[in-house]
1. What percentage of the solvent-accessible surface of the chain, computed with a 1.4 Å probe over protein heavy atoms, is contributed by carbon and sulfur atoms?
2. Which links in K41/K158; K68/K150; K150/K244; K68/K158 stretch past 23 Å when you go from one Cα to the other?
3. Name the trypsin sites (Lys or Arg not before Pro) in the range 47-91 that are in a loop by DSSP and that have at most 15 other C-beta atoms within 10 Å, would you?
4. Restricting to DSSP H runs of at least four residues, report the calculated mean residue ellipticity at 222 nm for the chain, -39500 (n - 2.57) per run over all residues, nearest 500 deg cm²/dmol.
5. Once the piece of chain linking T183 and Q50 is laid out straight, how much longer is it, given 0.36 nm per residue of separation minus the C-alpha distance between them?
6. Kyte-Doolittle cut-off -1.0, length cut-off 20 Å along the helix's own axis using Cα: show which whole DSSP H helices in the chain pass.
7. On each of the three principal axes of the Cα atoms of the range 66-193, give max minus min coordinate, whole Å, ordered largest first.
8. What do you reckon, how do H73, H48, H43 stack up by accessible area (1.4 Å probe), largest on top?
Amino acid sequence: MARGRTSFRRRRSALAVSVAALTAGAVTLAGAPASAADPPKGHDVSSHQQDVDWRQARTKGARFVYVKATESHTYRSPYFARQYDGARDAGIVRGAYHFALPDRSSGRTQAAYFVHNGGTWSADGWTLPPALDIEYNPYDRRRQCYGLSKPGMVSWIKSFSDEVKRLTGRRPVIYTTTHWWNTCTGSSRAFASNHALWVARYRSADAGTLPSGWSSWTLWQYDNSGGLPGDQNLFNGSLNELRKFARGA
């Protein structure tokens, strides 16, 4: 995930499948419905991308984007407002995401900070539900689970989710990797029934084995570079289904 504030973005192999091959149907998208032969392309950005040419991004195929709003309970991206508004002005469905640091403060505290600094939602068809980015600790590789026990991590995520739901009316999308999720939550199945999954998996023609509990993905981040600014993503469905997802239908 693009973080902007740090230099810890992990560079992946050039073996990642190209956008052209994916949207041409050259590979099978795990869990994709038959109607999604041409799934909407999207991306995610942070302050690392600074001022994005959103008109150009849409011309290149961007139909949705997630924009980093906050990290922990102390950082708000200085580029968030103009990235978020710029995407909407260009006709791109957009949403905000929060980079979690569970060792810094409670899930409830970080959720409130996120929502009050851009992580809102409305059923206008242009606003994706807020997203929680929870993954490897970029600041201490020896503490990949941020020093929390497995039950403690599940509790932290639940606290974050409950506060986002209370403040916005939507449960957050959960962005993660299968390995991190199963390692740090103990393969928790507590969130799959009411949280959309945004899974990261590179160097593969499909999204692979999903985190415990989920049988399908909603968003798949398949590369951290490509034709669109930031990381490259697909939505598991049609453009109409993307709009319905945004509306909460």
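The values are calculated or read from the model by the stated rules, or taken from the named source; none is laboratory data. Keep in mind it's a predicted model, so treat the numbers as computed, not measured. Note that each Cβ is placed from the backbone with ideal geometry, even for glycine, and that neighbours are counted across all protein chains shown. Surface accessibility is based on the protein's heavy atoms, side chains included, excluding ligands, DNA and RNA. Shrake-Rupley method; radii C 1.70, N 1.55, O 1.52, S 1.80 Å.
1. Details: 4750 of 10220 Å².
Carbon plus sulfur share of accessible area: 46 percent.
2. Working: K41/K158 29 Å; K68/K150 26 Å; K150/K244 34 Å; K68/K158 21 Å.
Listed pairs above 23 Å: K41/K158; K68/K150; K150/K244.
3. K60
4. One gets -7500 deg cm²/dmol as the mean residue ellipticity at 222 nm.
5. Working: separation 133, 0.36 × 133 = 47.88 nm, distance 3.32 nm.
Stretched fully, the T183-Q50 segment lengthens by 44.6 nm.
6. In the chain, the long hydrophobic H runs are 150-168.
7. 42, 31, 24
8. H48, H73, H43
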